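Student: Provided herewith is a single structure, encoded as structure tokens, for subsequent inquiry.
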Amino acid sequence: MSKKVKILSEQLANKIAAGEVVERPASVIKELVENSLDAGGKDIIVEIEDGGKRLIRVTDNGQGMSREDALLSMERHATSKISMDTDLFNLQTLGFRGEALPSIASVSRFTLATRERGSLEGCEMYAEGGRIRDVKSCGMAEGTVVSVRNLFFNTPARLKFMKSRETESGHIGEFMYRLALSRADVRFTYICDGKQVFRFLPGGIADRVSAVLGRNVASQLFPLNADGDGVSIKGLMGGPAVSRSTPSHIYTYINGRYIRDRVVQHAIMQGYRNVLERGRYPVLVLFLTIPVEDVDVNVHPTKHEVRFREQSRIHAAIQHGVETLLRGTPWLQKESVQLLRPSVTASTPSGQSRVEEVKESLLRYAMRQDGLPLVPSPPRERMGESPKQFVGNIACDSQPITGEQPQEGGYFTSLHVIGQFRGAYIVCEDGSDLLLIDQHAAHERVVFQELKRTMAGGRLESQNLLFPETIEFSPSESAAVRERCAELGNLAFDLENFGGNTWLLKGIPLLLSGSDYKQALRDTVEELCSMGRSKAFAEMVDDILATIACHSVVRGQRQLSSPEIRRLLERMDATDFAASCPHGRPVIARIAQRDIEKLFKRV
Ligand code: ADP
Ligand code: MG
């Protein structure tokens, strides 16, 4: 009988483990910086070259290692942090698996130089693809310096998966932010291709948040301090004024460790549910302290996921903490009241339309325009009992709108305009039918179509800002801007780097002048980030145009003058509105004379 089952060699086992721990340069940095923090480092310097592909170096002033320990640390499952299985349930350190150093070393050219505190000299060790090639004594300051060169040089498949220098640097910056927020007492320096990107001085959490997220955002955050039921929650959180379109600015930590957990995020969103519009996410930095025996961090090698012993208790505590703060914060209350107040515009698509909702309906409409399959149109409902229900139930007309043909052009300009209702609907007469046009929905769609047309011809019309404004992005957003700068230019966002992650906004789409163009740009950039590099820009354009269209339309009730109404109807004609049934949100509701007569029991 042949023997097929073999024990893997140490090198191969390490390479396999590396697949889990070392996904990209940023994950190397996470592991190395966590080691530095565990070693009591108070001054940590991270240097990278070429997005971490050529070099990653982490220097700390922690306790260092003896020569024996340094050699041992390269062995799999070698750790100073736990020794008994019960320790696993009482973890006080960030690391414990003893996998990071051998894994990283197995896929790179790896140098570890370290000098134990109180020792006369240091020791330097060099390994290639996990094999130790050289060990020698060296002079150096107390602490540890780990250099990782040519990551994945011996795993071509992984090498290919690495993204551009900008993208990898963006990820690294993001990881650095997470780490820096977790330990305000530690000095962090980040150097990218010889240039210092940031240096965060040790201080309190408020100073650190301000340094990391920018003073502008930080000034709009409120301190949260809640204790009870075995959970302590501390941190800073913002209201609707600083919301984001992705959860990228939710920083959560459990017992000092950055985590991305479904339960925690859900609890936060529940806490915010009456304050934020759907599709928006808060900015917040939250530190949870939970008895170590109540949380298991050994779920995944990257330790970003956790398991709670009593999930519902933790969920309730977080939600309660968030809600309580939001209730007690006067300016938040004002905003939330505004959002919650029932009004015609809040419950209809015209007024407080949500960016997401608008985008979705615009895009569905776009699909129709491109001749792609349609979402089936809702069936035409029967008339309800009360007039209110009746209007609410009217579906968009799935037949091409026919009517008297206009003398000088389109269908809409031929309508007899009766007036405007609640600053939101244009009321018209079409033969024996009454037509209600949702002016916001119509406007958004018109703008979207116009943008698409202009974009097809090259680029959007821009307007230079008299006083360029600075905008600060997160590292990954900044990376996306850098990569897509030319394309953003075609969308008429004229941006110039102002050092680090700060950008100078010099020009904007003409259409956005007078509206919140900074928010529109932020949403656009978040869009770019969430869709990543995998998608061709052309594929994202509709999405982005929908975002711009949505931002360009003035929200809330607005009285239109007759010429303004006429102008809108003309634009609707020019946008080929008449031929198609708009899907998603209806733009037009039609009420037949007969239905009105039924209301009055005349028929
Ligand atoms: P873990 O962190 O899970 O213990 P690692 O492979 O990351 O495993 O590190 C192995 C061991 O090497 C650690 O337990 C620690 O004793 C030592 N070590 C690693 N990095 C440093 C550092 N920067 N300073 C001091 N000791 C370190
Ligand atoms: Mg470690």
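Student: Specify the residue that is farthest from LEU94 (Cα to Cα); the eligible residues are those in region 227-241 that are at pLDDT 85 or above and touching a helix residue (DSSP H, G or I) at 6+ places or on another chain (Cβ under 6 Å). Steps first, please.
Tutor: If we filter region 227-241 for residues that are at pLDDT 85 or above, which is where we start, we get 227, 231-238.
Right, trim to touching a helix residue (DSSP H, G or I) at 6+ places or on another chain (Cβ under 6 Å) and you get 231, 233, 236.
Details: VAL231: 19, ILE233: 19, LEU236: 23 Å.
The extreme case among them is LEU236.
Student: I'd like to verify a number: residues in region 97-106 that are open to solvent by 10 Å² or more (accessible area, probe 1.4 Å) and either more than 8 Å from ligand 2 (Cβ to nearest atom) or in a helix (DSSP H, G or I) (or both), how many? Outline the logic, then answer.
Tutor: At the first step, the residues of region 97-106 found to be open to solvent by 10 Å² or more (accessible area, probe 1.4 Å) are 97-101.
From what is left, the residues that are either more than 8 Å from ligand 2 (Cβ to nearest atom) or in a helix (DSSP H, G or I) (or both) are 100-101.
Qualifying residue count for the region: 2.
Student: Considering only region 481-499, I want to know if a residue exists there that is among the basic types (Lys, Arg) and either closer than 30 Å to PHE412 by Cβ or in contact (Cβ under 8 Å) with a residue 60 or more places away in the chain (or both). Before the answer, list the steps.
Tutor: Just the residues of region 481-499 that are among the basic types (Lys, Arg), to begin with: 482, 484.
The next check asks that each one be either closer than 30 Å to PHE412 by Cβ or in contact (Cβ under 8 Å) with a residue 60 or more places away in the chain (or both); those that pass are 482.
Yes; the residues of region 481-499 include at least one that is among the basic types (Lys, Arg) and either closer than 30 Å to PHE412 by Cβ or in contact (Cβ under 8 Å) with a residue 60 or more places away in the chain (or both).
Student: Can we say LEU94 is touching a Ser or Thr at 6+ places or on another chain (Cβ under 7 Å), within 10 Å of ligand 1 (Cβ to nearest atom) and open to solvent by 10 Å² or more (accessible area, probe 1.4 Å)?
Tutor: Details: touching a Ser or Thr at 6+ places or on another chain (Cβ under 7 Å): no; within 10 Å of ligand 1 (Cβ to nearest atom): yes; open to solvent by 10 Å² or more (accessible area, probe 1.4 Å): yes.
So LEU94 fails the test.
Listed here are the residues, each with its yes/no results for (1) surrounded by fewer than 22 Cβ atoms within 10 Å (Cβ to Cβ); (2) under 23 Å from the mean Cα position of the chain (by Cα).
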position: VAL148; (1), (2): no, no
position: PHE153; (1), (2): yes, no
position: LYS160; (1), (2): yes, no
position: ILE172; (1), (2): no, yes
position: LEU181; (1), (2): no, yes
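Okay, residues lined up against (1) buried (at least 21 other Cβ atoms within 10 Å of the Cβ); (2) modelled with pLDDT under 80:
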residue: GLN389; (1), (2): no, yes
residue: LEU436; (1), (2): no, no
residue: PHE448; (1), (2): yes, no
residue: GLY458; (1), (2): no, no
residue: SER478; (1), (2): yes, no
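Student: Here's a check for you: in region 137-181, which residue that is of a type in the set (Gly, Ala, Ser) and in a loop (DSSP other than H, G, I, E, B) is farthest from ligand 2 (Cβ to nearest atom)?
Tutor: Let us first name the residues in region 137-181 that are of a type in the set (Gly, Ala, Ser), namely 137, 139, 141, 143, 147, 157, 164, 169-170, 173, 180.
Adding the requirement that they be in a loop (DSSP other than H, G, I, E, B) leaves 139, 141, 164.
Numbers: GLY139: 26, ALA141: 21, SER164: 28 Å.
Going through the qualifying residues, I end up with SER164.
Student: Let me ask something else about it. Could you figure out which of (1) of a type outside the set (Ser, Thr, Tyr); (2) out of contact with any Pro (no Cβ under 8 Å at 6 or more places or on another chain); (3) within 16 Å of ligand 2 (Cβ to nearest atom) isn't true of ARG117?
Tutor: Only one criterion is unmet by ARG117, namely (3).
Student: Out of all the residues in region 20-27, is one or more within 14 Å of ligand 1 (Cβ to nearest atom), modelled with pLDDT of 80 or more and assigned to a loop (DSSP other than H, G, I, E, B)? Let's see the steps before the verdict.
Tutor: Quick first cut of region 20-27, residues within 14 Å of ligand 1 (Cβ to nearest atom) only: 20-22, 27.
Right, trim to modelled with pLDDT of 80 or more and you get 22, 27.
Those left that are additionally assigned to a loop (DSSP other than H, G, I, E, B): 22.
Yes, there is a match, as at least one residue in region 20-27 is within 14 Å of ligand 1 (Cβ to nearest atom), modelled with pLDDT of 80 or more and assigned to a loop (DSSP other than H, G, I, E, B).
Listed here are the residues, each with its yes/no results for (1) of a type in the set (S, T, N, Q); (2) part of a loop (DSSP other than H, G, I, E, B); (3) within 18 Å of LEU181 (Cα to Cα).
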| position | (1), (2), (3) |
| --- | --- |
| TYR251 | no, no, yes |
| GLN270 | yes, no, no |
| VAL275 | no, yes, no |
| VAL299 | no, yes, no |
| SER312 | yes, no, no |
| GLN319 | yes, no, no |
| LEU326 | no, no, no |
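Student: Follow-up question, since we're still on this one. Kindly establish whether PHE198 is under 27 Å from ARG327 (Cβ atoms) and surrounded by fewer than 21 Cβ atoms within 10 Å (Cβ to Cβ).
Tutor: Values: under 27 Å from ARG327 (Cβ atoms): no; surrounded by fewer than 21 Cβ atoms within 10 Å (Cβ to Cβ): yes.
The answer is no for PHE198.
Student: Does region 38-47 contain at least one residue that is within 19 Å of ASN154 (Cα to Cα) and more than 10 Å from ligand 1 (Cβ to nearest atom)?
Tutor: At the first step, the residues of region 38-47 found to be within 19 Å of ASN154 (Cα to Cα) are none.
For region 38-47, residues within 19 Å of ASN154 (Cα to Cα) and more than 10 Å from ligand 1 (Cβ to nearest atom): absent.
Student: Kindly check whether there is at least one residue in region 69-83 that is open to solvent by 50 Å² or more (accessible area, probe 1.4 Å), near ligand 1 (Cβ under 9 Å from one of its atoms) and not in a loop (DSSP other than H, G, I, E, B).
Tutor: Looking for residues that are open to solvent by 50 Å² or more (accessible area, probe 1.4 Å), near ligand 1 (Cβ under 9 Å from one of its atoms) and not in a loop (DSSP other than H, G, I, E, B), one finds at least one in region 69-83, hence yes.
Student: Starting from residues that are of a type in the set (Ser, Thr, Tyr) and within 26 Å of THR524 (Cα to Cα), keep the ones in region 265-291 and report whichever is least open to solvent (accessible area, probe 1.4 Å). If you could, list the steps in order and put the result at the bottom.
Tutor: First pass over region 265-291, keeping only residues of a type in the set (Ser, Thr, Tyr): 272, 281, 289.
This time we only want the ones that are within 26 Å of THR524 (Cα to Cα), so: 272, 281.
On the way: TYR272: 1, TYR281: 59 Å².
Taking the candidates together, the pick is TYR272.
Student: What number of residues within region 212-231 satisfy the criterion of being open to solvent by 20 Å² or more (accessible area, probe 1.4 Å) and more than 15 Å from VAL283 (Cβ to Cβ)?
Tutor: Total satisfying the criteria: 6.
Student: On to the next question. Could you say which residue among SER513, SER530, SER534, SER552 is assigned by TED's automatic domain parsing to the domain that holds THR413, modelled with pLDDT of 75 or more and open to solvent by 40 Å² or more (accessible area, probe 1.4 Å)?
Tutor: Details: SER530 fails: modelled with pLDDT of 75 or more; SER534 fails: modelled with pLDDT of 75 or more; SER552 fails: open to solvent by 40 Å² or more (accessible area, probe 1.4 Å).
Being assigned by TED's automatic domain parsing to the domain that holds THR413, modelled with pLDDT of 75 or more and open to solvent by 40 Å² or more (accessible area, probe 1.4 Å) holds for just one of SER513, SER530, SER534, SER552, which is SER513.
Student: Looking only at residues that are away from ligand 2 (no atom under 13 Å from the Cβ) and small (Gly, Ala, Ser) in region 3-49, which one is most open to solvent (accessible area, probe 1.4 Å)?
Tutor: For region 3-49, the residue satisfying everything is SER9.
Student: Please find, among GLY204, GLY235, the residue that is open to solvent by 10 Å² or more (accessible area, probe 1.4 Å) and on the phi > 0 side of the Ramachandran plot. Quick ask: steps written out before the conclusion?
Tutor: Numbers: GLY204 fails: on the phi > 0 side of the Ramachandran plot.
The conditions single out GLY235.
The values are calculated or read from the model by the stated rules, or taken from the named source; none is laboratory data. What you see is a predicted model; the values in this text were computed from it and never measured. Neighbour counts run over all protein chains shown; Cβ positions are idealised from the backbone, glycine included. Surface accessibility is based on the protein's heavy atoms, side chains included, excluding ligands, DNA and RNA. Shrake-Rupley method; radii C 1.70, N 1.55, O 1.52, S 1.80 Å.
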